[in-house]
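Participant: Dropping a structure here in structure tokens format, bear with me for questions.
Each value in this text was obtained by applying a stated rule to the coordinates, not by laboratory testing. Note that the structure is a prediction, hence the values are computed from the model and not measured. Here Cβ is always computed from backbone atoms with ideal geometry, including for glycine, and neighbour counts include all displayed protein chains.
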Amino acid sequence: MIKKNWKIISVVAISIVALTFVGCSNSKSSEEKKGADATYGEKVKYKITGIDAGAGVVQAAEKAVKDYKLDYTVQTSSGGAMTQALADAIKNKEPIIITGWSPHWMFSKYDLKYLDDPKGSFGGNEHINTIARNGLKEDMPNAHKILDQFLWTADDMEAVMLKVNEGENVKEVARQWITDNTDKVSKWTEGAKKVDGEEIKLAYVAWDTEIASTNIIGLALEDMGYKVTLTQVDAGPMWAAVASGDVDAIVAAWLPGTHAKYISDYEGKVEDLGPNLEGAKIGLVVPSYMDINSIEDLVK
Ligand code: PBE
């Protein structure tokens, strides 16, 4: 009887010790997290370094601030200014939180991580679609066919982006990529006839991803005899231009989440030609040396 009681007492005692230990280590780690964020938050002045206000990733970051009740503001600038701020922070091993996306050369150049997004403010897997103006199919069937067949991979795009980031001229990088990838390009042009100087206009935003894709498809169209004009605009005007027919197409529609508002605003006013790239993603990105893993770790 006494023996049995001892057994029970020692099991209970061990459990208490174990639970206390687990409890302590849990509260300690969340305290540490809070401590880490207080330091990070102050160091980054409670700012998420963003890009242009029209970008879906900036709007998603603003949604995240609300969803997670963060004491942060999203600072808008440009893709170039954001990656410069990232480079500066990494050079000094300082914290920074940016509005990131993939594919992107920054993941090849630096050691970075996405913050987990348990509330899904940034959506899930994305693809990049080609969008044509209504009537392009009838007016320019060959160009329409090429745009419709345009398809490449995240690796392809990243290779182009990386070279451009390293300072090579985008037109030269595009020419080299097309020369090296005739198998892919010939699939895009399959069944399309060459034309003689027909004019075609594409719009894009100065996002590194879109600079790469628009130059590649632009050159592929040029090689099929088109006189191609690439116009750089902001995100809102880009969508408005293809919906009004001011430009013939864009290859920069991030769906289903990032540009959801744009595509629903112009429903019926544009033709969605489907994905030209699968496996894209947006989110908050930080250098791997930062001791946080989730957007929730930014909550004070
Ligand atoms: N991006 C790159 C864009 C789409 C392409 C992720 C910066 C955005 O609207 O957020």
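Participant: Please list, in chain and number order, the residues 5+ apart from Asp116 or on another chain whose amide H is under 5 Å from its amide H, with Hs placed from the backbone.
Facilitator: Answer set, sorted by chain and number: Ser294, Ile295.
Participant: Does anything in the stretch 258-300 have its amide N under 18 Å from the 7 Å Cα→Cβ label point of Lys69, and if so which residues?
Facilitator: Flagged as within label range: 295-300.
Participant: Please identify which residues in the stretch 210-254 have an amide N closer than 18 Å to a label point set 7 Å out from the Cα of Lys194, following the Cα→Cβ vector.
Facilitator: 218-228
Participant: Counting just the Cα atoms, what span does the stretch 112-167 cover along each of its three principal axes? Round to the nearest Å and put the largest first.
Facilitator: For the stretch 112-167, the Cα spread along each principal axis is 45, 35, 16 Å.
Participant: Measuring from the lowest to the highest alpha carbon on each principal axis, how far does the stretch 48-126 reach, largest first, in angstroms?
Facilitator: Reported extents, whole Å, longest axis first: 32, 25, 23.
Participant: Also, quick follow-up: Are there GluC sites (Glu not before Pro) in the stretch 212-300 that DSSP puts in a loop and that have at most 15 other Cβ atoms within 10 Å, and which ones? Numbers along the way, then the final one.
Facilitator: On the way: sites: Glu222, Glu267, Glu271, Glu278, Glu296; in loops: Glu267.
Those satisfying the criteria are Glu267.
Participant: Still on this structure, I have one more. Based on the alpha-carbon gyration tensor of the stretch 199-276, what equivalent-ellipsoid semi-axes (square roots of 5 times the eigenvalues) come out, in whole Å, largest first?
Facilitator: Details: eigenvalues 81, 36, 26 Å².
Each semi-axis is √(5λ); the values are 20, 13, 11 Å.
Participant: Jot down the radius of gyration and Dmax of the chain, Cα atoms only, both in angstrom.
Facilitator: Every Cα atom of the chain included, Rg and Dmax give 24.8, 101 Å.
Participant: While we're here: Just the number, please: percent antiparallel of the DSSP beta bridges in the stretch 126-279, rounded to the nearest 5. Can you show the working numbers first?
Facilitator: On the way: 11 of 18 bridges.
Expressed as a percentage, antiparallel bridges in the stretch 126-279 total about 60.
Participant: Distance check, please: which entries in Lys45/Lys300; Lys66/Lys300; Lys119/Lys300; Lys47/Lys281; Lys66/Lys261; Lys45/Lys163 exceed 24 angstrom between their Cα atoms? Please report the intermediate quantities before stating the final value.
Facilitator: Values: Lys45/Lys300 13 Å; Lys66/Lys300 14 Å; Lys119/Lys300 17 Å; Lys47/Lys281 21 Å; Lys66/Lys261 18 Å; Lys45/Lys163 33 Å.
As for pairs spanning more than 24 Å Cα to Cα, those are Lys45/Lys163.
Participant: Further question: Could you let me know the centre-to-centre spacing of the stretch 59-82 and the stretch 151-225, using Cα atoms, in angstrom?
Facilitator: 31 Å
Participant: To continue, here is another question. Based on the inverse mean of 1/r over its pairs of different Cα atoms, what is the Kirkwood hydrodynamic radius of the stretch 126-279, in Å?
Facilitator: Numbers: mean 1/r = 0.0653 Å⁻¹.
Its Kirkwood hydrodynamic radius stands at 15.3 Å.
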